[in-house]
Amino acid sequence: MKKPIRIGALISGTGSNLDAIMGACGRGEINGRVVFTGADNPAAKGLEKAKKAGIPTFVVNYTEIIAQFKAGTDRENLAKLPSDYDPEAISAKQSIVSRSDKHRLRTFLATRSIAEAELLKAMAPYPFDLLVLAGFMRNLTPYFIDRVNTDPANPRIMNIHPALLPAFPGTDGYGDTFRYGCKVGGCTVHFVDYGEDSGPIIGQRCFPINDGDTLEAVKKKGLEQEWQLFPECVRLFAENRLKTVKMTHNRANGEIFTRTVVKIVKPA
Ligand code: GAR
């Protein structure tokens, strides 16, 4: 039997996905345990769920950090930046904020790096093998990602997104799916890369959207799928069955298409 994996979790809200993962660990469906739960806001209800299960929790208050930065003088803000902050290097890698929007990019990279340095500090006492973003509503920058993915060939940050990616990335996947008039909706679990919801896909599930379904009905159907899909993907990680492979294809128009994808390998 392989060693149980240590799972770190970041959340922003209810934490029903965290609950699903903790449940699957408890029932032995995942050979692992959740070792910490962090949130970007103190009101995240999922923190209580973790506490009740005896899991250490912490909060890094992003809203406060961003507000303080916007109100701060250049001198004050400079003092808050992590000592190993390299905005050029981070900016060149990320593809979330346009590089032509200089002011927004500068604030985004600085505030996120301050928050991410705090996250890393809060996580440091709890070594982990996998970090799950279980409804974490903040984009992570290369500052954080590179410090977690120390071996780029083996990514270890997993996110769940409420849409069938690459359709509808962003903060309102089910809403965007519903408003577009899609006849199926779905959810996706993927490894996190430097873009917004753009990393290698691990698993997806879908459900029908019928005439007369409300947005609430779509969200309900979607969450029920998420609670199955996320633990399933974590289980595959725990069984060491997820491999990332760089694939190259020739398109009919002669273009070359290259993408890193996940292959699910057979159990050893
Ligand atoms: C879930 O629907 C998840 O897919 C979504 O937030 C919800 C969290 O629910 N995540 C995102 O939109 C990430 N961009 P939960 O807190 O009950 O697990």
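The values are calculated or read from the model by the stated rules, or taken from the named source; none is laboratory data. Because the structure is a prediction, the values reported are computed rather than measured. Cβ: placed from backbone, ideal geometry, glycine included. Neighbour counts: every protein chain shown.
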Legend entry - Top-ranked residue in segment 227-268 [being within 21 Å of Val192 (Cβ to Cβ) and among the acidic types (Asp, Glu); ranked as farthest from the chain's Cα centre (by Cα)]: Glu239
Inset, instruction - Scan segment 20-29 and give yes if some residue there is assigned to a loop (DSSP other than H, G, I, E, B), basic (Lys, Arg), more than 16 Å from the ligand (Cβ to nearest atom) and on the phi < 0 side of the Ramachandran plot, otherwise no. - result: yes
Legend entry - Residue tally, condition assigned to a loop (DSSP other than H, G, I, E, B), farther than 17 Å from Asp40 by Cβ and not β-branched (Val, Ile, Thr), over segment 130-171: 15
Legend entry - Check on Cys206, surrounded by fewer than 22 Cβ atoms within 10 Å (Cβ to Cβ), part of a strand (DSSP E or B) and either within 16 Å of the ligand (Cβ to nearest atom) or in contact (Cβ under 8 Å) with a residue 40 or more places away in the chain (or both): yes
Legend entry - Matching residues, segment 92-124, being modelled with pLDDT of 95 or more, charged (D, E, K, R) and out of contact with any helix residue (DSSP H, G or I) (no Cβ under 8 Å at 6 or more places or on another chain): Lys121
Inset, instruction - Could you look through segment 149-191, keep only residues that are among the small types (Gly, Ala, Ser) and within 16 Å of the ligand (Cβ to nearest atom), and pick out the one that is nearest to the chain's Cα centre (by Cα)? - result: Gly170
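Conditions tested, residue by residue: (1) within 23 Å of Met137 (Cβ to Cβ); (2) in contact with a strand residue (DSSP E or B) (Cβ under 6 Å, 6 or more places away or on another chain); (3) at pLDDT 95 or above; (4) surrounded by 12 or more Cβ atoms within 10 Å (Cβ to Cβ).
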| position | (1), (2), (3), (4) |
| --- | --- |
| Met22 | yes, yes, yes, yes |
| Glu29 | no, no, yes, yes |
| Gly54 | no, no, yes, no |
| Val60 | yes, no, yes, yes |
| Phe69 | yes, no, yes, yes |
| Arg75 | no, no, yes, no |
| Pro87 | no, no, no, yes |
Legend entry - Residue that is closer than 24 Å to Ile160 by Cα and hydroxyl-bearing (Ser, Thr, Tyr), where the choices are Tyr85, Tyr143: Tyr143
